[in-house]
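Since the structure comes first, as C-alpha cells, the remarks are kept for the end.
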Amino acid sequence: MMFKVAFFISAALSLCCASSSFARPQISVEYDYYQAPAAAGLSLSEIIFSATPIVSDGRKYGGVARCRISYQFGYDRPRIDVCRVSDLAVASRCVITLPSLAGGGARMREEFAAYVEKLKEHELIHARISAEYAAKIHEALLNLGEHRCDRIEARAEAAAAPLLAECDSAQKRFDHNSNHGNYDGVKLNMTLAEAAAQAGRRRNGGGQALKNLKPLDPENLKQAAPDEAGGIFKDSDGVWRNY
C-alpha cells in the first residue's frame, strides 16, 4: 500500500585496465513481517492498523516495499586518458514488509489471508518497477561509450539520473492510479466474493502499471546482504522517500 525508495550510486574506479564483465542486473526481493495480535472485540482493520509500524505523513499503511537501485563499475583504458565502462554491476534490492496475524478465529484468518495476498501482489509490483529500471540503467551504462577518464563517472551519473527520476515517477503513478492498491483489492472489511470480483477489475487506471512490466526472473533472484558490493557508495538524496 506504500512504497519507499532510495537510490544509491556507486562507481568503483580502477586505475588499471580491468577485464570486462557485464552480468545481468541482480534482482533481490526479501520479506519482513510485523506481528498483529488478534484481540476480542476488534475488527481485522483495527488489529492491523494498531500494530503497523509503517506510518508516513500521519497515515498508517498495512505494508510497504523499500527498494534501492545501485550500480558500480570499473573501467578499461583503450587509449591514454580515454576510458570505457567495464565490470558493471547493477542491482535492485527490495524489502517488503507485511503483517502477520497472531490468533483470531477462522473467519478472521480467512479475511486476513485474502487481504495479505492482495497486499503482497501490490508490493511486488513496486519491486517489478524497480527491477525494470535497474535493467534500463544497466543498458544505458553498457552503451555509455568512451569518454575522458576524469569525466566518466559524471557521464555515468548523467545517464542514470533521468532513469532514476523516471522510476520515482512510475512508482508514484502506480500508487496514485491504484489508490495504494485499494482499486486492486487491497482493502479490509470486504467479503471473499468482493475480493474475488476485484481481482480482475481496474478502476481509474488502477493496475495500468502492470501492462508493460516483465515478471521477475526467478533465476536472477538473490538474497543480498545490505551494501554487499564494494566500491564507494554515494547516496543521491540521503533519505528514503515515502509514497
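The values are calculated or read from the model by the stated rules, or taken from the named source; none is laboratory data. As the structure is a prediction and not an experimental result, all values here were calculated from the model. With ideal geometry, Cβ positions are generated from the backbone for all residues, glycine too; neighbour counts draw on all protein chains shown.
Of all residues in region 90-145, which are of a type in the set (Gly, Ala, Ser), more than 21 Å from Thr52 (Cα to Cα) and in contact with a helix residue (DSSP H, G or I) (Cβ under 9 Å, 6 or more places away or on another chain)? Even if it seems obvious, please write down each step before you answer.
Taking region 90-145 and keeping what is of a type in the set (Gly, Ala, Ser), we get 91-92, 100, 102-106, 113-114, 127, 130-131, 134-135, 140, 145.
Narrowing the set further to residues that are more than 21 Å from Thr52 (Cα to Cα) leaves 91-92, 106, 130-131, 134-135, 140, 145.
Ala91, Ser92, Ser130, Ala131, Ala134, Ala140, Gly145 - these are the residues of region 90-145 that are of a type in the set (Gly, Ala, Ser), more than 21 Å from Thr52 (Cα to Cα) and in contact with a helix residue (DSSP H, G or I) (Cβ under 9 Å, 6 or more places away or on another chain).
So Leu210 ticks every box in (1) more than 16 Å from the chain's Cα centre (by Cα); (2) of a type outside the set (Phe, Trp, Tyr); (3) modelled with pLDDT under 75; (4) surrounded by fewer than 19 Cβ atoms within 10 Å (Cβ to Cβ) but one. Which box is left unticked?
Answer for Leu210: the failing condition is (1).
Report yes if some residue within region 45-54 is in contact with a Leu (Cβ under 9 Å, 6 or more places away or on another chain) and of a type in the set (Val, Ile, Thr); otherwise report no.
Yes, some residue in region 45-54 is in contact with a Leu (Cβ under 9 Å, 6 or more places away or on another chain) and of a type in the set (Val, Ile, Thr).
For Ile152, all conditions in the list (1) at pLDDT below 95; (2) more than 30 Å from Ile80 (Cβ to Cβ) hold save one; what is the number of the exception?
For Ile152, the failing item is (2).
For the structure I just gave you, tell me whether Phe49 is at pLDDT below 90, among the hydrophobic types (A, V, I, L, M, F, W, C), at negative phi and surrounded by 14 or more Cβ atoms within 10 Å (Cβ to Cβ). Give the derivation first.
Values: at pLDDT below 90: no; among the hydrophobic types (A, V, I, L, M, F, W, C): yes; at negative phi: yes; surrounded by 14 or more Cβ atoms within 10 Å (Cβ to Cβ): yes.
Considered against the rule, which asks whether it is at pLDDT below 90, among the hydrophobic types (A, V, I, L, M, F, W, C), at negative phi and surrounded by 14 or more Cβ atoms within 10 Å (Cβ to Cβ), Phe49 comes out as no.
Residues in region 132-143: is at least one under 21 Å from Pro162 (Cα atoms), buried (at least 16 other Cβ atoms within 10 Å of the Cβ) and touching a Ser or Thr at 6+ places or on another chain (Cβ under 8 Å)?
So far as region 132-143 goes, yes, one or more of its residues are under 21 Å from Pro162 (Cα atoms), buried (at least 16 other Cβ atoms within 10 Å of the Cβ) and touching a Ser or Thr at 6+ places or on another chain (Cβ under 8 Å).
Working carefully through the options Tyr61, Tyr34, find the one that is at pLDDT 85 or above, among the hydroxyl-bearing types (Ser, Thr, Tyr) and in contact with a helix residue (DSSP H, G or I) (Cβ under 7 Å, 6 or more places away or on another chain). Quick ask: steps written out before the conclusion?
Numbers: Tyr61 fails: in contact with a helix residue (DSSP H, G or I) (Cβ under 7 Å, 6 or more places away or on another chain).
So the residue among Tyr61, Tyr34 that is at pLDDT 85 or above, among the hydroxyl-bearing types (Ser, Thr, Tyr) and in contact with a helix residue (DSSP H, G or I) (Cβ under 7 Å, 6 or more places away or on another chain) is Tyr34.
From the set of residues in region 77-123 that are in contact with a Ser or Thr (Cβ under 6 Å, 6 or more places away or on another chain) and of a type outside the set (A, V, I, L, M, F, W, C), which is surrounded by the most Cβ atoms within 10 Å (Cβ to Cβ)?
Ranking the candidates gives Ser92 first.
Here's the yes/no breakdown for (1) within 29 Å of Tyr61 (Cα to Cα); (2) without any contact (Cβ under 8 Å) to a residue 60 or more places away in the chain; (3) not in a strand (DSSP E or B):
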site	(1), (2), (3)
Val90	no, no, no
Arg93	yes, no, no
Leu98	yes, no, no
Ala113	yes, yes, yes
Glu132	yes, no, yes
His138	no, no, yes
Leu141	no, no, yes
Ala158	no, yes, yes
Leu163	yes, yes, yes
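Considering only region 86-118, state which residues are farther than 18 Å from Ala38 by Cα and touching an Asp or Glu at 6+ places or on another chain (Cβ under 8 Å).
Taking region 86-118 as the starting set, the residues that turn out to be farther than 18 Å from Ala38 by Cα are 86-97, 117-118.
Answer for region 86-118, where residues must be farther than 18 Å from Ala38 by Cα and touching an Asp or Glu at 6+ places or on another chain (Cβ under 8 Å): Ser86, Arg93, Cys94, Val95, Ile96, Thr97, Lys118.
Looking at region 48-68 only, could you name the residues that are in contact (Cβ under 8 Å) with a residue 60 or more places away in the chain and of a type outside the set (S, T, N, Q)?
Just the residues of region 48-68 that are in contact (Cβ under 8 Å) with a residue 60 or more places away in the chain, to begin with: 48, 56-57, 61-68.
Listed by number, the residues that qualify are Ile48, Asp57, Tyr61, Gly62, Gly63, Val64, Ala65, Arg66, Cys67, Arg68.
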